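Okay, so here's the structure we're looking at.
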Amino acid sequence: MIKPAPNSPTRLFTVADGINTEDLLVNLSETLASANALSCDLAFDLEGSKREELLGVAQLIELAQLLADRLYLGAGITSAASGG
């Protein structure tokens, strides 16, 4: 039998309710730092256009980190979440 409507997609991951903004921003900052480190490490093992592409991804991650840092400071949290 064909269903009239498909099942709605289920979520694999979710952020728990009740986590404060500082903890969320610190986790975001650490995740971005890890992604940046991984992409830079991998980029330096490559050559040519693939290296340039991966370094471009690393730059996008850095831009996201700047946004996260600004949000962190704008939330009134005094110490920076990331090392830079």
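Just so it is clear, none of the values below were taken in a lab; they were calculated from the coordinates. These figures come from a predicted structure and were not determined experimentally. No Cβ is skipped: glycine too gets one built from the backbone with ideal geometry, and neighbour counts run over all protein chains shown.
Does the chain come out rounded, prolate or oblate, given a ≥ b ≥ c as the square roots of the eigenvalues of its C-alpha gyration tensor, rounded meaning a/c under 1.5 and, failing that, prolate meaning a/b above b/c? It is oblate, given that a/c is not under 1.5 and a/b is not larger than b/c. Extension gain, Val15 to Thr31: 0.36 nm times the residue separation minus the Cα-Cα distance gives 4.3 nm. Computed about the Cα centre, the dipole magnitude for the chain is approximately 440 debye when only Lys and Arg (+1) and Asp and Glu (-1) carry charge, each at its Cβ.
Dividing the summed helix terms, -39500 (n - 2.57) for each DSSP H run of n ≥ 4, by the number of residues in the chain produces a 222 nm estimate of -21000 deg cm²/dmol to the nearest 500.
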